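Asker: Input: one structure, supplied below.
Each value in this text was obtained by applying a stated rule to the coordinates, not by laboratory testing. Small disclaimer: the values here were computed from a predicted structure and weren't measured. Every residue, glycine among them, receives a Cβ derived from its backbone with ideal geometry; neighbour counts consider all protein chains shown.
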Amino acid sequence: MEQGYYTISLPFEAARRDHRGWHGHSFCLRLRSNATAISDHEWLLSEAARVVEPFDYSLLNEQVPDVADPALLSELEQRLRAVGLPLNRLALRSAPDRGAVIDLCDGQRWCWRSFRFEAAHQLPNVPPSHPCHRMHGHGYRVILEAANGEDAEALGQLWQPVAAQLHRSCLNDVLVNPTSERLAEWIWMRLRMYSSGLRRVHVQETEHSGCFFDGFHHTIWKAQRFEAATAHAAARSITGHGYRLRLYLSAPLDPDLGWTLDYADVKAAFAPLRDSLDHHRLDQLHGLAGGDLLSVAKWILNQANAQLPELYRVDVSEDEQRGVIAERDPG
């Protein structure tokens with residue numbers, strides 16, 4: 001079954017005092033709402049902005065009794081609900097490397113923290129002509145998600161021994177076939193015994209692709225971009241955007257290659273569809289009469305099915321504040 005969601009992002013600046021003393025943050029609150037509950041972004045943005053406005057350039061200790069990320073997010077949830085906003089998920093990023101999330105559909109709450117390390121690797125099982133068969137390197141990013149009250153500080157302590165083993169290493173000394181997926185599994189196995197709340201491990205080799213592992217299933221994503229024009233109903237005119245996409249795919253792990261899909265193959269398979277969107281007027285394309293953001297995401301999800309049957313979710317954003325998600329149950 002296909003679902004559609006509107007997402008908005010609201011930045012705000014604030015200071016807070018905790019055990020480290022006073023310090024300031026560039027916060028960002030992200031909301032997700034089911035598309036069946038609202039008609040567009042603008043009402044959601046305006047109503048949510050009214051809730052967030054008192055926090056902007058404030059001292060949070062004067063606003064809420066507990067300024068930790070999970071408690072602050074809970075306070076924002078209550079205030080957003082009080083004005084009648086339909087919410088599916090809330091996420092608060094308090095710094096580039098940490099934040100908290102609430103899934104209002106199933107009640108799950110968790111914190112996340114990201115880390116970076118530099119390492120070399122080569123994939124011995126790919127054909128010799130494949131670029132990854134050669135020894136090369138990446139600036140990796142790892143994101144750990146944990147529930148059960150495990151916060152960013154706990155995740156930092158959890159990560160330290162793993163970082164000591166991975167940073168400035170050759171990953172082939174750690175794993176025989178160090179793909180992103182195998183690395184995510186290895187990190188999961190190392191950390192799960194010390195963290196009952198660990199819920200997911202993300203591994204990114206680049207800013208344009210990454211994978212998730214939750215102890216059972218692998219998911220990968222690939223970022224894309226295109227430039228296009230479309231009708232603007234409010235202004236009764238034509239406007240344009242630099243659209244950003246993220247394609248999510250789910251497939252079984254290949255036991256020999258050690259990955260679900262090759263990121264390069266995903267990019268190549270999607271290229272014709274991307275080219276049909278890039279530097280075009282979207283509302284004049286077949287099947288895209290509206291040209292609105294949610295229609296674009298759903299159109300991509302359905303049009304890409306032949307080339308990428310593993311695709312189950314498409315995220316599209318037109319600017320830093322407005323985005324959509326179109327998804328269906330993974331096959």
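Asker: Most fluctuating residue of Val266, Val316, Val101 in a GNM of the chain with Cα springs under 10 Å: which is it?
Answerer: Maximum among the listed residues: Val266.
Asker: Starting from 0.36 nm per residue, how many nanometres of slack lie between Thr206 and Ile238 once their C-alpha separation is accounted for?
Answerer: Values: separation 32, 0.36 × 32 = 11.52 nm, distance 3.43 nm.
Taking 0.36 nm per residue and subtracting the Cα distance, the gain is 8.1 nm.
Asker: Here is a follow-up. With θ taken as phi - 60° and the coefficients 6.51, -1.76 and 1.60, list the Karplus ³J(HN,Hα) couplings across region 300-310 in order, rounded to whole Hz; mark glycine and proline as x.
Answerer: With the stated coefficients, region 300-310 comes to 4, 4, 7, 5, 7, 4, 5, 7, 9, x, 7 Hz.
Asker: When ranked by the protection proxy of mean other Cβ atoms within 10 Å per residue, highest first, what sequence do the peptides 176-184, 307-315, 271-279 form?
Answerer: Descending mean neighbour count gives 176-184, 307-315, 271-279.
Asker: Say we join alpha carbon atoms closer than 10 Å with springs in a Gaussian network model of the chain; which of Ile300, Ile102, Ile38 then has the biggest fluctuation?
Answerer: Comparing Ile300, Ile102, Ile38 in the GNM, the peak value goes to Ile38.
Asker: In whole Hz, with x marking every Gly and Pro, tabulate ³J(HN,Hα) for region 73-78 from phi via Karplus 6.51 cos²θ - 1.76 cosθ + 1.60, θ = phi - 60°.
Answerer: Ordered by residue, 3J(HN,Hα) equals 5, 5, 5, 5, 4, 4 Hz.
Asker: To the nearest 0.05, how large is the calculated FRET efficiency for Asp265 and Arg81 if R₀ is 51 Å and r is the Cβ-Cβ distance? List each step's numbers first, then the result.
Answerer: Details: r = 43 Å, r/R0 = 0.85.
Calculated value: 0.70.
Asker: Who wins for biggest fluctuation among Arg190, Arg20, Arg98 in a Gaussian network model of the chain, springs between alpha carbons below 10 Å?
Answerer: Looking only at Arg190, Arg20, Arg98, the biggest GNM fluctuation is shown by Arg20.
Asker: Between Ala164 and Gln108, what is the label-point separation in nm under the 7 Å Cα-to-beta-carbon projection?
Answerer: About 3.1 nm, to one decimal.
Asker: Oh, and also: Run the helix sum for the chain: -39,500 (n - 2.57) per DSSP H stretch of 4+ residues, divided by residue count, reported at 222 nm to the nearest 500 deg cm²/dmol.
Answerer: Numbers: 6 runs with 80 residues, N = 331.
My calculation for the chain gives -7500 deg cm²/dmol from helical runs alone.
Asker: A further question follows. Ser26 versus Tyr57, label points 7 Å from Cα toward the beta carbon: distance in nm?
Answerer: 1.7 nm
Asker: What are the ³J(HN,Hα) couplings of region 131-143, residue after residue, when phi is run through the Karplus curve with 6.51, -1.76, 1.60 and θ = phi - 60°? Round to Hz, x for glycine and proline.
Answerer: x, 6, 6, 7, 5, 8, x, 9, x, 6, 10, 10, 10
Asker: How big is the dipole moment of region 1-107 about its Cα centre under a simple scheme where the beta carbon of each Lys and Arg is +1, that of each Asp and Glu is -1, and everything else is neutral? Debye, nearest 20, please. Let's see the in-between values first.
Answerer: Numbers: 11 positive and 16 negative charges, 39 e Å.
Here the size comes out at about 180 debye.
Asker: Could you give the distance between the Cα centres of region 223-270 and region 280-329, to the whole Å?
Answerer: 9 Å
Asker: Right, next: Please give me the summed charge of the neighbours of Trp188: other residues whose Cβ is under 14 Å from its Cβ, Lys and Arg +1, Asp and Glu -1. Don't skip to the answer; put the middle values down first.
Answerer: Numbers: positive: Arg182, Arg190, Arg192, Arg199, Arg200; negative: Glu145, Glu181, Glu185, Asp214.
Within the 14 Å Cβ shell, the charges total +1.
Asker: Could you give the size of the charge dipole of the chain about its Cα centre, using +1 on the Cβ of each K and R and -1 on the Cβ of each D and E, expressed in debye and rounded to the nearest 20? Could you put the intermediate results ahead of the total?
Answerer: Working: 34 positive and 43 negative charges, 54 e Å.
My answer is approximately 260 debye.
Asker: Continuing with the same structure: If I stretch the segment between Glu42 and Ser129 completely, what's the gain in nm (0.36 nm per residue apart, minus their alpha carbon distance), one decimal? Mind dumping the intermediate values first?
Answerer: On the way: separation 87, 0.36 × 87 = 31.32 nm, distance 4.97 nm.
Length gained between Glu42 and Ser129: 26.4 nm.
Asker: For a Förster distance of 30 Å, can you work out the FRET efficiency between the beta-carbons of His286 and Glu320, rounded to the nearest 0.05? Write down the numbers at each step before the final one.
Answerer: Values: r = 30 Å, r/R0 = 1.00.
Once the sixth-power term is evaluated, E becomes 0.50.
Asker: Mind checking the full-extension length gain between Ala15 and Ala147? Use 0.36 nm per residue of separation minus the Cα-Cα distance, one decimal, nm.
Answerer: Numbers: separation 132, 0.36 × 132 = 47.52 nm, distance 2.52 nm.
Gain in length upon complete extension: 45.0 nm.
Asker: While we're here: About its Cα centre, how strong a charge dipole does region 46-105 have in debye, to the nearest 20, once Lys and Arg get +1 and Asp and Glu get -1 at the Cβ?
Answerer: Using Cβ point charges on Lys, Arg, Asp and Glu, region 46-105 gives about 180 debye.
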